[in-house]
């Protein structure tokens with residue numbers, strides 16, 4: 001059985017950072033969605 005080459009402490013940090021990265025990507029996607037809504041609303045208001 002091959003020895004794990006990654007120090008467990010580093011592995012934990014990598015997992016933690018991976019989790020945080022996924023959270024950030026979710027936040028970014030939500031902000032993109034909200035931004036699109038605001039842009040649409042802005043266009044609608046300009047036309048009225």
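The values are calculated or read from the model by the stated rules, or taken from the named source; none is laboratory data. These numbers were taken from a predicted model, which means no experiment stands behind them. Every residue, glycine as well, gets a Cβ built from its backbone with ideal geometry; the counts of neighbours run over all protein chains shown.
Numbers below:
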read-out: Sole exception among (1) exposed (fewer than 10 other Cβ atoms within 10 Å of the Cβ); (2) in a helix (DSSP H, G or I) for residue 17, by number; value: (1)
read-out: Failed criterion for residue 2 (all others in (1) modelled with pLDDT under 95; (2) surrounded by 10 or more Cβ atoms within 10 Å (Cβ to Cβ); (3) over 21 Å from the mean Cα position of the chain (by Cα) hold); value: (2)
